[in-house]
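Okay, structure first, notes after.
The values are calculated or read from the model by the stated rules, or taken from the named source; none is laboratory data. Remember, it's a predicted structure, so these values are computed and weren't measured experimentally. Cβ placement follows ideal geometry from the backbone for every residue including glycine, while neighbour counts extend to all protein chains displayed. Side chains included, ligands, DNA and RNA excluded: accessible areas come from the protein's heavy atoms. Shrake-Rupley method; radii C 1.70, N 1.55, O 1.52, S 1.80 Å.
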Amino acid sequence: MALDGKVALVTGSSQGIGKDIAIRLAKEGAKVVVNYRSHPEGAEETLDEIKSVGGTCHMVEGYCNDERGYSVGADLGMVEDVQRLVADSIDHFGQVDILVNNAGIEKHAPFWEVDEKAFEAVLNVNLKGVFFATQAVVKHLMATQRSGKIINISSVHEELPFPNFAAYCASKGGLKMLTRDLSVELAPYGITVNNVAPGAIETPINTKLLNDPEKLNALLTNIPLGRLGQPKDISGLVAFLASEDASYMTGSTFFVDGGLTWNYQEQ
Ligand code: NAD
């Protein structure tokens with residue numbers, strides 16, 4: 001399988017997109033570290049699904065014998081937690097080859113009402129956490145002289161405005177430039193860095209929207225493919241970017257948005 005022998009750390013993998021990525025990478029043969037902040041039951045579900053996937057495929061013995069899932073609680077807004085998460089992963093599996101910076105939050109408020117606490121909450125998880133998780137994995141890769149893959153789950157809002165979510169846009173825009181910068185700085189070490197930018201995906205982050213038929217229909221009319229995305233629309237691309245087939249790809253953002261980003265029509 002494409003990721004046999006690799007170890008992947010997927011942040012925020014107790015639900016939503018991260019959960020699906022963790023399961024998909026396990027299906028591809030990777031050993032996976034599952035990370036959660038405050039939802040251990042969700043992380044347990046991810047682990048169970050990883051094991052159940054193993055139970056029905058070629059890797060059945062591997063999954064069952066060596067406990068391919070490992071879950072670590074950490075708050076990615078805190079640098080010490082981020083460093084501990086990476087250190088725990090390396091202690092447990094001996095290496096980390098693939099880092100998927102997936103954890104992210106958004107907070108709705110008009111720009112003029114965003115206070116420091118809300119701003120920091122968003123920037124700390126979406127940008128600072130990514131920065132220091134990547135740094136810790138990169139130090140490990142450099143120390144062990146191995147190549148690696150960093151995959152950031154960004155958003156169409158690294159490119160598109162999103163009124164009332166200014167901090168979120170700032171964080172994802174920052175992630176775009178972090179990826180471009182690191183792709184150049186880390187290329188000599190065989191480390192690639194790419195962003196995946198989802199459009200509107202059906203996950204708990206969108207619960208309010210999913211329960212508001214009027215807003216949901218308005219959004220759907222803006223999506224050329226006429227549907228919301230599903231987590232598997234993202235995890236398939238992440239699995240590809242984590243594989244050797246993507247070894248010449250770095251510094252790019254790949255949009256998975258049903259055509260949303262470039263949808264403009266004259267009325
Ligand atoms: P979600 O709310 O379902 O999941 C987010 C995950 O991040 C959860 O597992 C949560 O526990 C984790 N997390 C949040 N704060 C954390 C912290 N401080 N420490 C550790 N983990 C933390 O959302 P999702 O839709 O699965 O989002 C995943 C990523 O995709 C995010 O980065 C989000 O910005 C991005 N994204 C989502 C959409 C969408 O429409 N769903 C669109 C564009 C981008």
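Things worth noting here:
- Checked against the criterion of being of a type in the set (Asp, Glu) and either within 20 Å of Ile105 (Cα to Cα) or in contact with a helix residue (DSSP H, G or I) (Cβ under 9 Å, 6 or more places away or on another chain) (or both), the candidates Glu214, Glu202 yield just one match: Glu202.
- Met78 being over 23 Å from Lys19 (Cα atoms) and in contact with a helix residue (DSSP H, G or I) (Cβ under 9 Å, 6 or more places away or on another chain): no
- Top-ranked residue of segment 227-241 - restricted to ones that are within 16 Å of the ligand (Cβ to nearest atom) and open to solvent by 50 Å² or more (accessible area, probe 1.4 Å), ranked as farthest from the chain's Cα centre (by Cα): Arg227
For (1) crowded, with 16+ Cβ neighbours inside 10 Å; (2) without any contact (Cβ under 8 Å) to a residue 24 or more places away in the chain; (3) away from the ligand (no atom under 15 Å from the Cβ), each residue gets a yes or a no:
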residue	(1), (2), (3)
Gln145	no, yes, yes
Ile150	yes, no, no
Ile153	yes, no, no
Met177	no, yes, yes
Asp181	no, yes, yes
Ile191	yes, no, yes
Ala197	yes, no, no
Ala200	yes, no, no
Thr203	yes, no, no
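- For segment 43-97, residues that are at pLDDT 90 or above, surrounded by fewer than 20 Cβ atoms within 10 Å (Cβ to Cβ) and farther than 21 Å from Glu28 by Cα total 9.
- Scanning segment 242-264 for residues that are open to solvent by 60 Å² or more (accessible area, probe 1.4 Å) and in contact with a strand residue (DSSP E or B) (Cβ under 9 Å, 6 or more places away or on another chain) yields Ser247, Tyr248, Phe255, Trp262.
- For segment 13-31, the set of residues classified as touching a Gly at 6+ places or on another chain (Cβ under 6 Å) and either under 15 Å from Asp97 (Cβ atoms) or open to solvent by less than 20 Å² (accessible area, probe 1.4 Å) (or both) consists of Ser14, Gly18, listed by residue number.
- Every condition in (1) more than 16 Å from the ligand (Cβ to nearest atom); (2) closer than 18 Å to Ala239 by Cβ; (3) at pLDDT 90 or above holds for Glu113 except the one numbered (2).
Here is a yes/no grid of residues against (1) touching a Lys or Arg at 6+ places or on another chain (Cβ under 6 Å); (2) basic (Lys, Arg):
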{"site": "Ser154", "(1), (2)": "yes, no"}
{"site": "Ala187", "(1), (2)": "no, no"}
{"site": "Lys208", "(1), (2)": "no, yes"}
{"site": "Leu216", "(1), (2)": "no, no"}
{"site": "Gly226", "(1), (2)": "no, no"}
{"site": "Asp233", "(1), (2)": "no, no"}
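- For Gly104: the one exception among (1) more than 14 Å from the ligand (Cβ to nearest atom); (2) of a type outside the set (A, V, I, L, M); (3) open to solvent by 20 Å² or more (accessible area, probe 1.4 Å); (4) in contact with a strand residue (DSSP E or B) (Cβ under 9 Å, 6 or more places away or on another chain): (1)
- Boolean, Ser171 is over 18 Å from Leu9 (Cβ atoms), touching a residue at least 12 places away in the same chain (Cβ under 8 Å), open to solvent by less than 20 Å² (accessible area, probe 1.4 Å) and touching a strand residue (DSSP E or B) at 6+ places or on another chain (Cβ under 9 Å): no
- Restricting segment 1-56 to residues that are assigned to a strand (DSSP E or B) and of a type outside the set (A, V, I, L, M), the residue that is farthest from the ligand (Cβ to nearest atom): Lys31
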